[in-house]
Amino acid sequence: MQLSVGAPDGVGRRVVGVFSQVEGEGVWTPHASGVLSADVPVVGEGLGVWPPVGAVAVDVGGVYERLAGVGLEYGPVFQGVRAAWRRGDEVFAEVALGEEQRAEAGRFGLHPALLDAALHMAGVGPEDEEPGPARLPFAWTGVSLYATGATELRVRLSPSGAEGISVLLADTDGVPVASVDALVGRPVAAEQLTASSQLTKDSLFTVEWDRVPTEGMQGAASQVQWAMVGSDDLGLTATLEAAGQDVVSGPELATLAGSPDVVLVTCASESDSGAQDLPSATRHLAHRAL
């Protein structure tokens with residue numbers, strides 16, 4: 001999977017896109033696009049009164065069995081619904097991450113498994129109601145994030161327009177975490193969900209780093225081509241050459257001749273970065289390293 005973020009326009013908005021490919025084929029298929037902005041609207045209310053006044057408790061013991069019946073089989077990481085209530089057309093729920101996922105919640109604006117679980121009760125009607133086809137989130141409008149790193153949420157799902165729902169997510173004190181003005185689902189047949197099941201049903205994608213092979217490099221040091229990009233404030237070039245190594249250098253990666261085996265870049269703060277505060281200098285250096 002791949003997420004792209006474009007350059008900001010004149011008012012600070014960026015176009016974002018989500019793509020995927022089957023490993024080995026090399027063709028990226030677009031799945032979603034949207035607009036990202038740093039502006040966050042003021043949220044009007046929270047969920048401080050809990051359980052909601054006038055709401056009737058719902059038995060959630062068979063929620064994931066009912067969802068599996070329409071083709072939505074959620075693995076253990078995503079089975080986060082803990083309790084639910086109904087009040088007219090509104091649905092309220094408590095969702096939480098499992099113990100193993102709580103430690104990584106701070107890495108996300110909103111943990112994907114927690115956000116997914118917050119929407120599960122939208123697909124579960126009353127027990128005496130015949131279940132309809134599975135609906136997957138399709139069009140999101142007005143998504144706002146107010147806080148990060150949540151591990152538990154209070155959820156309110158309300159009708160919005162002819163086919164959509166509005167979503168309000170709050171922490172365990174009722175303080176808003178995120179909101180969605182309107183979310184429209186797309187009906188999906190059960191056979192569509194299982195047609196290309198190349199992944200385990202509890203898959204959660206993460207960043208994967210490719211390890212550079214080092215076998216044979218030490219034993220064949222004389223054949224290794226080293227390259228130094230940019231300044232060499234630490235004197236690495238002289239050290240390598242003194243050890244009999246072949247070193248080329250250039251101001252940028254694109255200026256290097258040939259295909260070096262190992263490329264070295266000095267990741268040190270620039271001379272003027274001392275005037276910056278530590279967070280700004282850190283961001284600047286991390287951006288330069290990337």
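None of the figures in this text is laboratory data; all of them are computed from the coordinates on show. This structure is a prediction, so every number in the text was calculated from the model and none was measured. Cβ atoms come from the backbone with ideal geometry, glycine included; neighbour counts cover every protein chain shown.
State the extension gain, in nm to one decimal, for the chain segment bounded by Arg107 and Ala281, taking 0.36 nm per residue of separation less the distance between their alpha-carbons. Display every interim value, and only then the final one.
On the way: separation 174, 0.36 × 174 = 62.64 nm, distance 2.08 nm.
60.6 nm is the gain from fully extending Arg107 to Ala281.
Against the 2.2 N^0.38 Å scaling, with N counting residues, where does the range 44-194 land? I'd like the Cα-based Rg ratio to two decimal places. Working shown, then result.
Details: Rg = 14.7 Å, N = 151, 2.2 N^0.38 = 14.8 Å.
Here the Cα radius of gyration is 0.99 times the empirical estimate.
Please name which of Ala83, Met228, Cys267 has its Cα lying farthest along the dipole of the chain towards the positive end, using unit charges on Cβ (Lys, Arg +1; Asp, Glu -1) and the Cα centre as origin.
Ranked along the dipole, the leading option is Ala83.
Pick out which of Val81, Val167, Val265 has the largest mean-square fluctuation in a Gaussian network model of the chain, springs linking Cα atoms closer than 10 Å.
Looking only at Val81, Val167, Val265, the largest GNM fluctuation is found for Val265.
Calculate I(q)/I(0) for the range 1-128 by the Debye formula, one identical point scatterer on each C-alpha and no solvent, and give its log10 at q = 0.22 Å⁻¹ to two decimals.
-1.27
For Arg186 paired with Thr239, estimate the spin-label separation in nm (one decimal), with each label point 7 Å from Cα along the Cα-to-Cβ line.
5.4
Nearest 20 debye, what's the magnitude of the dipole of the chain about its Cα centre given +1 on Lys and Arg Cβ and -1 on Asp and Glu Cβ? Don't skip to the end; give the middle numbers.
Numbers: 16 positive and 38 negative charges, 103 e Å.
Around 500 debye, computed over the chain.
Could you compute the FRET efficiency for Trp50 and Val27, with r as their C-beta to C-beta distance and R0 at 51 Å, rounded to 0.05?
Once rounded, the FRET efficiency stands at 0.60.
What net charge is computed for the residues neighbouring Val5, neighbours being all others with C-beta under 12 Å from the C-beta of Val5, Lys and Arg scored +1, Asp and Glu -1? Intermediate values should be presented prior to the final figure.
On the way: positive: Arg13, Arg14; negative: none.
So the surrounding residues net to +2.
Specify the residue with the greatest mean-square fluctuation among Thr172, Thr148, Thr239, computed from a Gaussian network of the chain linking alpha-carbon atoms under 10 Å apart.
Highest fluctuation among the options: Thr239.
Would you please give the FRET efficiency between Val16 and Glu129, computed as 1/(1 + (r/R0)^6) with r the Cβ-Cβ distance and R0 = 30 Å, to the nearest 0.05? Could the numbers behind the result be given before it?
On the way: r = 37 Å, r/R0 = 1.22.
Efficiency, rounded to the nearest 0.05: 0.25.
For the chain, what's the relative contact order in percent, using C-alpha pairs closer than 8 Å and at least 6 residues apart?
Values: 467 pairs, mean separation 36.6, N = 290.
For the chain, the relative contact order is 13 percent.
Starting from 0 in steps of 5 Å, tell me what percent of the Cα-Cα pairs of the range 21-78 lands in each bin.
Reading the bins upward from 0: 4, 10, 9, 8, 11, 18, 18, 13, 5, 4, 1.
For the chain, modelled as a GNM with alpha-carbon contacts under 10 angstrom, which of Leu240, Leu168, Leu114 fluctuates the most?
Result: Leu240 has the largest fluctuation of those listed.
Pairs of Cα atoms under 8 Å, at least six residues apart: use those to get the relative contact order of the range 44-194, whole percent.
Numbers: 307 pairs, mean separation 39.9, N = 151.
Worked out over the range 44-194, it gives 26 percent.
Tilt of helix 278-289 relative to the longest C-alpha principal axis of the chain, in degrees (0 to 90, nearest 10)?
Between helix and principal axis, roughly 70 degrees.
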